[in-house]
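Novice: Structure incoming, see below.
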Amino acid sequence: MTTTVSTLSPAATDAGRLPLNASSRALTTRFLDFWLIGGASIAVWLLLVVSEPIRTDWPGPIAQHFSNLYGLSLSLALFINYPHFMWSYKLAYSRGVDFVVAHWWQLIAVPLALIALLAAAYMWFDTPARDVGAIRLAARMLLPFGVNAQVVAGPLVGNVLLTLAFNLMVLTVGWHYTKQVFGCVMVYAHYDGYVLSPRQRATLKWTLRGVWLMAFVDNNRAGTFRGLAGFSYSSFDLPDALLPLAWIVIIGTLVLCGHTVVYANRRRYQRWPSANLVVPFAAIYIWWLPITRQSEFYLLLAPLFHSLQYLAFVYRFEEVSLRDAPKRELRATALMGSVVVAGWLGFEFLPVMADVRFETVGRWGFYFFIVAATLFINIHHYFIDSALWRFRDPVVRRNLLSA
């Protein structure tokens, strides 16, 4: 979820106008929200970290439980990860033609551009990259900068275009994760009556962007090769000096945020932020910082908990929308079922059928349409949310912030 904030917190100027206790307002319930927007992820991460020696050294049923983690995460994706993407499409495109036209860049131009890119990758996949002058020139220009030329010097045009799309996905996903956490913090600041000035909101936003910067730098060192569905692509080879600089940003912004937001509000209003406000902020650091990285959690479960966090907002949004609807329970059940099916079709069934029909594995050695679907949905999801979750939007304010 991406947020653009106008005024979320009460414009109170003294402690007497602020509630001393957190209100009962929540996305679901305050107890469940704590676990959905970050608490469960921290608990599972801690379990994986603490149990790692046991899983390594103790054979038998203990290790077996954790050996099923990969399969479990794939099954859970059907009901959590995939629906969180599909719900963004439902919420955006069901707002009507006027909404889509008003946000034409995110909802019309971007998907058309992505379709054109992926179609070009398919149509000209076998064309040698060296035969395309622009690609050859770009590779030559990047050659002095470490191994960055790998990104635009694949043997085939299809490799180059998909590699660029993968790097775009990494860039937008990191930004999207941190903006969603910012949205969690802002919503709970509103629920709690926790005053945040425009300067404090900007400080929080830039503090979280430091996490995105760290993740992007760490994932783009030494031109590491990664893969999906049989396709291998290269990340960028950023200068090594950027990593210590990213750590300086992380530490500096955290100290600044603690002083100008938490300490300042404690001194002025005699209030600490609630656990529900803090937990998504703490979770993103555990999910993404290299120093807290647990490989299974990072690769398999961080996306799941990000999606779970998103679905808490979807629940609140849809619960308000359907509050007075006839046959509310039946409509909600049908809606949830259709979103799960749409996710399965979009991520798995239709791409696999296309890969089988066009024999992409035999031709190129990987599942082209699975890769294409993953890239399209992940990148477009970021742009959809940048249009959808704007707190100055009256529909969003009514469904998320009303009593």
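Novice: Answer yes or no: is there a residue in the stretch 220-241 that is part of a helix (DSSP H, G or I) and under 24 Å from the mean Cα position of the chain (by Cα).
Specialist: no
Novice: Sticking with this one: From the residues in the stretch 275-294 that are small (Gly, Ala, Ser) and closer than 17 Å to Ala215 by Cα, which one is surrounded by the fewest Cβ atoms within 10 Å (Cβ to Cβ)?
Specialist: Ala282
Novice: While we're looking at this one, here's another question. Of the conditions (1) in contact with a Leu (Cβ under 6 Å, 6 or more places away or on another chain); (2) at pLDDT below 90, Ser321 clears all except one; give me its number.
Specialist: With (1) in contact with a Leu (Cβ under 6 Å, 6 or more places away or on another chain); (2) at pLDDT below 90 applied to Ser321, the lone miss is (1).
Novice: If we keep just the residues of the stretch 321-353 that are farther than 20 Å from Leu78 by Cα and hydrophobic (A, V, I, L, M, F, W, C), which is most open to solvent (accessible area, probe 1.4 Å)?
Specialist: So, considering only residues that are farther than 20 Å from Leu78 by Cα and hydrophobic (A, V, I, L, M, F, W, C), the one most open to solvent (accessible area, probe 1.4 Å) is Leu330.
Novice: Considering only residues that are of a type outside the set (Gly, Ala, Ser) and open to solvent by less than 60 Å² (accessible area, probe 1.4 Å), look in the stretch 243-256 and name the one that is farthest from Ala139 (Cα to Cα).
Specialist: The residue in question is Thr253.
Novice: Gln106: modelled with pLDDT under 95 and more than 30 Å from Ala372 (Cα to Cα), yes or no?
Specialist: no
Novice: Quickly run through the stretch 181-195 and pick out the residues that are under 18 Å from the mean Cα position of the chain (by Cα) and either of a type in the set (Val, Ile, Thr) or open to solvent by 10 Å² or more (accessible area, probe 1.4 Å) (or both).
Specialist: Scanning the stretch 181-195 gives Val181, Val185, Val187.
Novice: Continuing with this model, one more query. In the stretch 57-75, which residues are modelled with pLDDT under 80 and under 12 Å from Leu301 (Cα atoms)?
Specialist: Leu69
Novice: Can you tell me which residue in the stretch 384-403 is modelled with the lowest pLDDT, limited to those that are of a type outside the set (D, E, K, R) and open to solvent by 40 Å² or more (accessible area, probe 1.4 Å)?
Specialist: Checked the stretch 384-403; the qualifying residue modelled with the lowest pLDDT is Ala403.
Novice: Could you please find all residues in the stretch 153-176 being under 20 Å from Ile37 (Cα atoms) and open to solvent by less than 20 Å² (accessible area, probe 1.4 Å)?
Specialist: Within the stretch 153-176, Gly174, His176 meet the criteria.
Novice: Return the total of residues in the stretch 224-242 being under 25 Å from Gly365 (Cβ atoms) and crowded, with 17+ Cβ neighbours inside 10 Å.
Specialist: Of the residues in that region, 7 qualify.
Novice: Of all residues in the stretch 105-136, which are in contact with a strand residue (DSSP E or B) (Cβ under 7 Å, 6 or more places away or on another chain) and open to solvent by 40 Å² or more (accessible area, probe 1.4 Å)?
Specialist: Correct list: Asp126, Thr127.
Novice: I would also like to ask the following. Give me the residue from the stretch 360-403 that is of a type in the set (Ser, Thr, Tyr) and in contact (Cβ under 8 Å) with a residue 12 or more places away in the chain and, out of that set, farthest from Ala120 (Cα to Cα).
Specialist: Only one residue fits best here, namely Ser402.
Novice: Limited to the stretch 257-274, what total is found for residues that are open to solvent by less than 60 Å² (accessible area, probe 1.4 Å) and either assigned to a helix (DSSP H, G or I) or aliphatic (A, V, I, L, M) (or both)?
Specialist: Qualifying residue count, the stretch 257-274: 8.
Novice: Right, here's the next one. Being touching a strand residue (DSSP E or B) at 6+ places or on another chain (Cβ under 9 Å) and not small (Gly, Ala, Ser) is the filter; apply it to the stretch 1-56 and report the residue that is modelled with the lowest pLDDT.
Specialist: It comes out as Val5.
Novice: Tell me, which residue of the stretch 196-211 that is out of contact with any Cys (no Cβ under 7 Å at 6 or more places or on another chain) and crowded, with 21+ Cβ neighbours inside 10 Å is farthest from Gly365 (Cα to Cα)?
Specialist: That would be Leu196.
Novice: Here's another thing I want to ask about it. Test each condition in (1) of a type outside the set (A, V, I, L, M); (2) within 20 Å of Ser232 (Cβ to Cβ); (3) part of a helix (DSSP H, G or I); (4) open to solvent by less than 30 Å² (accessible area, probe 1.4 Å) for Phe369 and report the one that comes out false.
Specialist: Among (1) of a type outside the set (A, V, I, L, M); (2) within 20 Å of Ser232 (Cβ to Cβ); (3) part of a helix (DSSP H, G or I); (4) open to solvent by less than 30 Å² (accessible area, probe 1.4 Å), the lone unmet condition for Phe369 is (4).
The values are calculated or read from the model by the stated rules, or taken from the named source; none is laboratory data. The structure displayed is predicted, hence computed values, not measured ones. Glycine gets a Cβ as well: all are built from the backbone with ideal geometry, and neighbour counts include every protein chain shown. Keep in mind that these areas ignore ligands, DNA and RNA; they rest on the heavy atoms of the full protein, side chains included. Shrake-Rupley method; radii C 1.70, N 1.55, O 1.52, S 1.80 Å.
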